[in-house]
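> One structure, as structure tokens, below. Some questions next.
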Amino acid sequence: MDASLLWLIPALPLFGAILNGSLSLAGAKDSYGPPRGLVATFAVLMPAISFALAVAAASRLGSLGGEAMPPLRAELFTWFAGAGLDLPFSLTIDRLSSLMLLFVTGIGTLIHLYSVGYMQEDRGFARFMAYLNLFMAAMITLIMGSSLPVTFLGWEGVGLCSYLLIGFWHKTPEYADAARKAFIYNRVGDLGFLLGGFALFHVTGSLDYAAISAWFQSADAAALADKRVWIDAGLVLIFLGCAGKSAQIPLQAWLPDAMAGPTPVSALIHAATMVTAGVYLVARLSDAYVVSSTAMTVVFTIGCATAVWGAVAGLVQNDVKKALAYSTVSQLGFMFMAAGAGAFDVAIFHVFTHAFFKAALFLSAGAVIHGLHHEQDMRRMGGLRKQLPVAYLAMFYGWWAITGLPFAAAFFSKDLILESAFAGHVHLFHANIAPIVGGIALATAGLTAVYMTRVITLVFWSPSRVDPEVKHHIHGTPMTMAIPLIILGIGSLVAGFAWVGLPLGWLGVPDGGMAFLQGWLAPVVGAAQAKLAAAATAAGVVHGDHHALAWTVAGVGTLVAGFGSFLGYWLWRNGPKEVPAAGTSTAPTGFGGGWTFGFDKAADWLVVKPVTVVAFGIYWVVELAILGVAGWLTGAGARALGDGYAFALQRSRLRTSLALAMLGLAAAIAALIMVGS
Amino acid sequence: MFPSLDLSLGNIYFAGLALTALCCALGVLVSRHPLNAAVLLIGAMLSLSGIYALLDAPFLAVLQVMVYAGAVMMLVIFVIMVLNRAREDALPRFDAWSVATAAAPLALCGLLAATMIRHPLQASAAAVRGEPEPIAERMFSMTGGGWWLLFVAVGVTLLVAVVGAVLLAKRKLDTPAEEPAQEAHHGH
Amino acid sequence: MATEPLMNPAAVQTLAALIFGIGLTAAVARRNIFIVLMGVELMLNAVNLSFVGFSRTLGGDASVLGQLAPLFTIAIAAAEACVGLAMVILLVRGKDTIDADAYSAMKE
């Protein structure tokens, strides 16, 4: 894998998008659409080749071992130049982006394959595949960009694809509304991204990640103090962008509504890849974040608050996809919590494991929905183990992974997050809030076990509440859907070992022993974390016994997860209290509704209503005062003139107009001469 | 503005040519029949060509005769004769509107006069004589400031104009195929 | 090459202004469409004369440029005459008159 081939990784899915888009347009008049086989082959093949290239790049990065291996970097062309800013369009694969790239292209390819089965009967199959491929291209650009603007290009691209895919079934008005909601929330975040980028440029004089990191690594205390306000504001603003993309408070409300999109979209974009872009960006700028305790506190507290809010909201949902969506919001909160505590590698590790188990959960939920003819209400499911064995198996593995029971994915990643929270030093008003927040996070982890067990109990373990006639016509899971389910299910079981690294060590990968992933990410985020640890030591913080803390958290975490799982099963083992009729709204009511939609209501009162009032005010002023009065005056004047001389002038001969034009020219020249001398 | 009258040979030629040009131009303005006007216009253009030659611009003088007095005016006369609209001599030469519109040329000329009075012109001894060589060198200079791209653009414009003229003047855009054949037959 | 300055440049510009004025008058005051077109040609010629006259008052490169611009004017004028006359043919076919005032389909 040579650096000169890097451009192929984003270009191939883009090519697939163009090809499938053309096929979709070409087949628009055909009642069946373009040939499914052709579209599916291209759509799956392009990300698959990208995945192979990503594997090659990662192996190149890993083969030399150690921290000396320079990132692969390719400058494709000069994007814009001048005014003290020369920005090449360059792509980089370093340790961090190669990891992201591996699971984005890998899981992305699997979800493309799954979509072939899931969307088979949809009229817009080729369009769907084109959007998915376009998303892959944009996401890869986001990850591989070596500077903020290139990342921003991909950032906007994934936002666009998210909008297009949420509103894929745009004939349903609510779905189109959900798409617009997602887009507008993301625009708010994007503004933060842009302003934060400007601030960082003001501070460091560069937009390139390497240069930004270098500036922050080498800046002395005086330089930092000089730019303190700019640094804090810029990083908080960039986090606002991350909050928009990764659905953190206060910009989280779009993600649950985004479940209007087809389920593969929910799995790929709104669980596994796009929504983790914010965490990726924070990790990418880790050298900057560690110098700003303000920004770290913001990231940490907002992550914790979102984790709690998402977990409680997940507990009261009736729609299976909504429950998983709130779970995603909560898990993203966990990731930001880790980043805010300074454990960027742990955050990325959770991104990695979460991609597997959340994709598995969503895809198995999709298989259930597909099997039950688009029934999404968990109160009308139950006892589906026999009918949908593959979906059950995948959801079981996903459930195992997310609850944090040993020894699946989140057992490692979530325990590491809790550990980093307990061991962290995050100050709010000069008090270290990290241990308190760690306690809240531990309780939230228990809550996670409760709501996930509730989901799997209601869908599979409780007695069946499926309509008898639906029950006899349950769709099986086709092979294209089953293969990704199985791979992702197994992946969510073993992904956690990437940190421990045992299997890789056995396979003889260098550095494949303990803390493999930590070592892998060290060249990117290690300096920042070391700086943070050094600062803590310098401040006189006494480090407790690290191993004792690790074992304590692991033990207590497992106990809490086990208790939560038991509670979840016990409470819902007989299914819900009442089974609603088909077509009933799945929105939670009562306390659940108040909790779930609280932020929507707040946004409505704080933003939408004031803006509406202002808009109507402007409308009345413009429409009545300006357009009305001025328009009436103009009209009256024109009428008064038009009935008289102006009317004759207006309808006069061509040559009169020409003569008048010449007179006007003469007047203009005369004016110029007078002004000029 | 006008210093002592210099009655050298060049100035006498110039005065004669200028007078001819002015008279021809006025004739164009007042002539009843367009054919008369066209012949007078050719006269004006030939006089101007002579003035160019006097003004050290021989290349332009030749082009003026070839392109303007030759090609363009030939085209005008040809079209006048083809359309044969002599019977519309009955059109009034000037009417009330014409008097009103005369304000525009007056204003523009007045402006020019005012400018010339404010900024007296002085002939330069360093002016280059307009032989074809310096003009061509200047136009096709490859080292910088060349006008060859504009030259190509003008060529394309001429081509487009020809095609457009043919399209416009065709009898009808969607004439059936047999009609031109019939016309050709009648032509013989 | 350049000998002593010959004509007074002001006289050349005056002649150009007069021809331009006459051409403009012909273009806006006459109703015969052919005369209108010829008036436009006169105006273009006057501008060329002005260019050449000014090129005599400037030295070196600027004087070459003053003789170069009329070349383009002449070429564009040829194109203009070509299209203009074709339009006249089209208009006369449609309206059966050469009265410029009759071509006023746009005014209402």
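> Could you please let me know if C:G59 is within 7 Å of another protein chain (Cβ to nearest Cβ) and over 18 Å from B:M45 (Cα atoms)?
Considered against the rule, which asks whether it is within 7 Å of another protein chain (Cβ to nearest Cβ) and over 18 Å from B:M45 (Cα atoms), C:G59 comes out as yes.
> Could you say which residue among A:F344, A:F357, A:F334, A:F349 is of a type in the set (F, W, Y), in contact with a His (Cβ under 7 Å, 6 or more places away or on another chain) and buried (at least 24 other Cβ atoms within 10 Å of the Cβ)?
A:F334
Conditions tested, residue by residue: (1) of a type outside the set (A, V, I, L, M, F, W, C); (2) in a helix (DSSP H, G or I); (3) on the phi < 0 side of the Ramachandran plot.
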site	(1), (2), (3)
C:G39	yes, yes, yes
C:G59	yes, no, yes
C:P70	yes, yes, yes
C:L85	no, yes, yes
C:I89	no, yes, yes
C:R93	yes, yes, yes
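> Does A:E156 satisfy the condition of being acidic (D, E) and within 22 Å of A:L200 (Cβ to Cβ)? Explain how you work it out, then say what you get.
Details: acidic (D, E): yes; within 22 Å of A:L200 (Cβ to Cβ): yes.
In short, yes.
> Could you please let me know if B:L158 is farther than 29 Å from A:I673 by Cβ, facing chain C (nearest Cβ under 7 Å), in contact with a helix residue (DSSP H, G or I) (Cβ under 9 Å, 6 or more places away or on another chain) and assigned to a helix (DSSP H, G or I)?
Yes; evaluated as a whole, the condition is true for this residue.
> Are any residues in segment B:25-36 more than 11 Å from B:R93 (Cβ to Cβ) and either touching a Leu at 6+ places or on another chain (Cβ under 8 Å) or within 7 Å of chain C (Cβ to nearest Cβ) (or both), and if so, which ones?
B:A25, B:L26, B:G27, B:V28, B:P34
> Going residue by residue through segment B:123-134, is there one that turns out to be more than 9 Å from chain C (Cβ to nearest Cβ) and either buried (at least 20 other Cβ atoms within 10 Å of the Cβ) or assigned to a helix (DSSP H, G or I) (or both)?
Yes, segment B:123-134 contains at least one residue that is more than 9 Å from chain C (Cβ to nearest Cβ) and either buried (at least 20 other Cβ atoms within 10 Å of the Cβ) or assigned to a helix (DSSP H, G or I) (or both).
> Here's a follow-up. Quick one: count up the residues across segment B:57-71 that are buried (at least 24 other Cβ atoms within 10 Å of the Cβ) and within 7 Å of chain C (Cβ to nearest Cβ).
3
> Sticking with this one: Which residues, taken from segment B:77-91, are modelled with pLDDT of 75 or more and facing chain C (nearest Cβ under 7 Å)?
Those that are modelled with pLDDT of 75 or more and facing chain C (nearest Cβ under 7 Å): B:V79, B:I80, B:L83.
> For the list (1) in contact with a strand residue (DSSP E or B) (Cβ under 9 Å, 6 or more places away or on another chain); (2) modelled with pLDDT of 80 or more, I need the number of the one condition that A:T586 fails.
In the conditions (1) in contact with a strand residue (DSSP E or B) (Cβ under 9 Å, 6 or more places away or on another chain); (2) modelled with pLDDT of 80 or more, A:T586 misses (2) alone.
> Right, another one. Tell me, which helices (runs of 4 or more DSSP H) lie completely within segment A:114-217 with 2 or more residues that are within 21 Å of A:I231 (Cβ to Cβ) and small (G, A, S)? Break it down stepwise before answering.
Values: elements: A:125-144, A:148-166, A:173-204.
Ranges flagged: A:173-204.
> Could you check segment A:164-185 and list, in sequence order, the residues that are over 19 Å from A:L240 (Cα atoms) and of a type in the set (A, V, I, L, M, F, W, C)?
A:L164, A:L165, A:I166, A:F168, A:W169, A:A176, A:A178, A:A179
> Test of understanding: among B:L7, B:L41, B:L19, which residue is more than 9 Å from chain C (Cβ to nearest Cβ) and modelled with pLDDT of 90 or more? Step through it out loud before you land on a result.
Details: B:L7 fails: modelled with pLDDT of 90 or more; B:L41 fails: more than 9 Å from chain C (Cβ to nearest Cβ).
From the options B:L7, B:L41, B:L19, the qualifying one is B:L19.
> Among the listed residues C:A102, C:A69, C:A27, identify the single one that is surrounded by 24 or more Cβ atoms within 10 Å (Cβ to Cβ) and more than 7 Å from chain B (Cβ to nearest Cβ).
C:A27
> Being among the aliphatic types (A, V, I, L, M), modelled with pLDDT of 75 or more and surrounded by fewer than 19 Cβ atoms within 10 Å (Cβ to Cβ) is the filter here, so list the residues in segment A:510-547 that pass it. Quick ask: steps written out before the conclusion?
So the first thing to find is which residues in segment A:510-547 are among the aliphatic types (A, V, I, L, M), and the list is A:514-515, A:517, A:521-522, A:524-525, A:527-528, A:530, A:532-536, A:538-539, A:541-542.
In the following step, the residues that additionally are modelled with pLDDT of 75 or more were identified as A:517, A:521-522, A:524-525, A:527-528, A:530, A:532-536, A:538.
Residues satisfying the conditions are A:A522, A:A527, A:A530, A:A533, A:A534, A:A535, A:A536, A:A538.
> Then there's this: Can you spot a residue in segment A:211-227 that is buried (at least 24 other Cβ atoms within 10 Å of the Cβ) and either without any contact (Cβ under 8 Å) to a residue 60 or more places away in the chain or within 28 Å of A:P47 (Cβ to Cβ) (or both)?
Looking for residues that are buried (at least 24 other Cβ atoms within 10 Å of the Cβ) and either without any contact (Cβ under 8 Å) to a residue 60 or more places away in the chain or within 28 Å of A:P47 (Cβ to Cβ) (or both), one finds none in segment A:211-227, hence no.
> Based on what the data block shows, is A:L64 of a type outside the set (G, A, S) and either within 27 Å of the chain's Cα centre (by Cα) or at pLDDT 85 or above (or both)?
Values: of a type outside the set (G, A, S): yes; either within 27 Å of the chain's Cα centre (by Cα) or at pLDDT 85 or above (or both): no.
For A:L64, the condition - of a type outside the set (G, A, S) and either within 27 Å of the chain's Cα centre (by Cα) or at pLDDT 85 or above (or both) - is not met.
Yes or no, residue by residue, for (1) more than 17 Å from A:V308 (Cα to Cα); (2) in contact with a His (Cβ under 6 Å, 6 or more places away or on another chain); (3) without any contact (Cβ under 8 Å) to a residue 40 or more places away in the chain:
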| site | (1), (2), (3) |
| --- | --- |
| A:Q376 | yes, no, no |
| A:G382 | yes, no, no |
| A:V390 | yes, no, no |
| A:I402 | no, no, no |
| A:A408 | yes, no, no |
| A:A423 | yes, no, no |
| A:V426 | yes, no, no |
| A:G438 | no, no, yes |
| A:V450 | no, no, no |
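The values are calculated or read from the model by the stated rules, or taken from the named source; none is laboratory data. Computed from a predicted model, the values in this text were never measured in an experiment. Please note: Cβ atoms are built from the backbone with ideal geometry, for glycine as well, and neighbour counts cover all protein chains shown.
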